[in-house]
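Comments concern the structure below.
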Amino acid sequence: MSGRTEGGVRRALTVLFLLLLASITSPAFAASQAAVEKQFHAWIENDIWPAAKANSISRKSFDRAFAGVQINWKLPDLTPPGEKPKKKKKQSQAEFSSPGPYFDEKRLTTLANNGRSYASAHARLLKQIERKYGVPGEIVVAIWGRETGYGRAKITSSEIDVLATMAFMGDRKELFHKELMAALAMIEQGIDPARMKGSWAGAMGQPQFMPSSYLKYAVDFDGDGDKDIWNSVPDALGSIANYLVAKGWQANRSWGYEVTIPPGVSCAQEGPDLAQSIRNWSGLGISRISDKDFPSGELKASGMMLVPAGRHGPEFIVTPNFYVIKEYNNSDLYALFIGNLADRVASNSGAFKGKWGKVGHMLRSDVEHMQKKLQRLGNDVGKVDGLPGYKTRRSIGRWQEANGMSPTCYPEEDMLGKL
């Protein structure tokens with residue numbers, strides 16, 4: 001971009017910003033905002049209080065929770081009463097664009113270096129957690145690092161402000177209403193609402209638990225009588241491990257292994273519903289990319305093929321523990337990030353050896369169109385949403401095989417016309 005063009009764009013953006021700033025600070029906007037705030041407080045009294053009372057929340061706890069509550073106008077996707085929802089912008093999260101940028105090497109290296117330091121500093125605590133729950137310390141540390149930078153992230157939003165705002169005029173009112181009731185139950189148990197700091201999405205403390213998860217999985221690991229996931233490292237890390245165990249973590253098993261899948265082995269065998277013993281996978285010629293054998297204790301246990309970018313990226317055999325990590329955040333890439341970071345913390349390993357190809361640049365609407373076509377042909381693509389999940393990937397691979405192509409198991413532009 002030339003300097004002249006760049007300067008013109010900068011000036012245009014500056015003018016636009018000033019116009020927007022003027023509009024949101026205008027008396028008309030302030031009056032509109034005040035009217036919505038009035039409706040908000042009426043809704044708290046007329047709608048939330050009866051629901052809270054029905055959930056055994058005392059008036060005293062209710063008043064403590066909502067003392068000083070206000071709308072958090074900085075939250076995304078807010079639609080004040082009487083207004084039409086804004087059209088969603090084109091989404092660009094890693095799960096439906098190229099997977100490669102999700103694994104930013106600079107970020108992973110920094111997290112791993114810090115993670116090894118924290119793992120060393122808390123070695124005794126992590127051993128106690130592993131003895132109690134069977135979850136390796138490096139997995140707990142990796143989640144801790146990924147969620148809040150080992151507790152150093154500044155999480156300052158009032159949890160009640162966030163939940164009440166989203167329940168009142170967010171785009172997932174039912175979800176946040178449920179979480180607001182859970183937060184009130186926490187306060188009923190004696191937790192100070194001033195301590196309840198969360199993110200813009202309502203996730204709280206160092207483990208980033210929603211209130212409903214706090215009620216189910218938070219633990220008092222330091223034994224002081226308080227489940228403090230905000231300030232107590234033992235409570236935060238113990239709670240992460242307890243969550244994973246409750247979701248089915250299998251002790252003495254890895255999360256998975258990066259592998260090489262021979263060209264003659266179909267990538268269309270992916271998915272948790274197509275599990276077979278790791279010995280069987282090995283018998284097909286699938287080997288660890290590190291040239292090490294699969295651990296002998298794993299051979300009889302089940303494993304699943306995972307090819308998040310089809311034949312255009314790293315390939316894996318994962319264990320059921322991989323899908324437990326996904327319970328924390330339902331994303332293949334998130335679980336792979338945690339697994340890779342945990343390996344780096346434990347053994348100073350590095351990036352995945354397989355290279356992420358230039359994939360994931362199709363429009364989501366095109367992928368959705370592809371899913372519908374495959375579905376009409378009798379394939380189970382999972383949710384038709386424009387996201388290439390494992391059912392879509394293997395359906396593509398099966399279609400490619402049936403039409404005499406070498407399966408890649410990933411959406412590609414030239415498939416659209418052929419389908």
Next on the checklist: Testing the spin-label approximation: label points 7 Å from Cα along Cα→Cβ at ASN348 and ARG124. State their distance in nm.
Outcome noted: 2.5 nm
Checklist entry - What relative contact order, as a whole-number percentage, does segment 362-419 give when Cα pairs under 8 Å and 6 or more residues apart are counted? => result 32 percent
Item to check | Computed E for ASN403/LYS292 - FRET, C-beta separation, R0 41 angstrom, nearest 0.05 | outcome: 0.65
Next on the checklist: If the only charges are +1 at each Lys and Arg Cβ and -1 at each Asp and Glu Cβ, what is the size of the charge dipole of the chain around the Cα centre, to the nearest 20 debye?
Outcome noted: 700 debye
Checklist outcome for this item: One point scatterer per Cα, no solvent, Debye formula: log10 I(q)/I(0) for the chain at q = 0.09, 0.12, 0.13 Å⁻¹ comes out as -0.71, -1.14, -1.23
Item to check | Carbon/sulfur fraction of accessible area - the chain, other protein chains in place, 1.4 Å, % | outcome: 51 percent
Item to check | Fluctuation leader among LEU237, LEU215, LEU377 - the chain, Gaussian network, Cα springs under 10 angstrom | outcome: LEU377
Checklist entry - What order do you get for 336-346, 241-251 when each peptide is scored by the mean count of other beta carbon atoms within 10 Å, highest first? => result 336-346, 241-251
Checklist entry - Between LYS60 and ASN330, what is the label-to-label distance in nm when each label sits 7 Å out along the Cα-to-Cβ direction? => result 4.0 nm
Next on the checklist: Can you give me the accessible area per residue for the chain, using a 1.4 Å probe, in Å²?
Outcome noted: 50 Å²
Next on the checklist: Test of understanding: what is the full-extension gain from ARG172 to ASN113, defined as 0.36 nm times their sequence separation minus their Cα-Cα distance?
Outcome noted: 17.5 nm
Item to check | Residue-span extension gain [THR260 to ASP224] - 0.36 nm each, minus C-alpha spacing | outcome: 8.1 nm
Next on the checklist: Show me the ranking of peptides 186-192, 316-322 by mean Cβ neighbours inside 10 Å, starting with the highest.
Outcome noted: 316-322, 186-192
Checklist entry - TRP73 to TRP43: extension gain in nm, 0.36 nm per residue of separation minus the Cα-Cα distance? => result 9.1 nm
Checklist entry - Normalised by the number of residues in segment 169-301, what is the relative contact order in percent for Cα pairs under 8 Å and 6+ residues apart? => result 15 percent
Next on the checklist: Taking a ≥ b ≥ c as the square roots of the Cα gyration tensor eigenvalues, with a/c under 1.5 meaning rounded and otherwise prolate when a/b beats b/c, else oblate, which class fits segment 140-262?
Outcome noted: prolate
Checklist entry - What is the magnitude of the charge dipole of segment 297-348 about its Cα centre, with +1 placed on the Cβ of each Lys and Arg, -1 on the Cβ of each Asp and Glu, and no other charges, expressed in debye to the nearest 20? => result 40 debye
Checklist entry - With the radius of gyration and the Kirkwood radius both derived from the Cα set of segment 76-232, what is their ratio Rg to Rh? => result 1.02
Item to check | Whole-angstrom gap from segment 222-252 to segment 335-360, using each part's C-alpha centre | outcome: 25 Å
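The values are calculated or read from the model by the stated rules, or taken from the named source; none is laboratory data. Keep in mind that this is a model prediction, so the values were computed, not measured. A quick note on method: Cβ atoms are made from the backbone with ideal geometry, for glycine too, and the neighbour counts reach across all protein chains shown. Remember, those area values only see protein heavy atoms, side chains included, never the ligands or the DNA or RNA. Shrake-Rupley method; radii C 1.70, N 1.55, O 1.52, S 1.80 Å.
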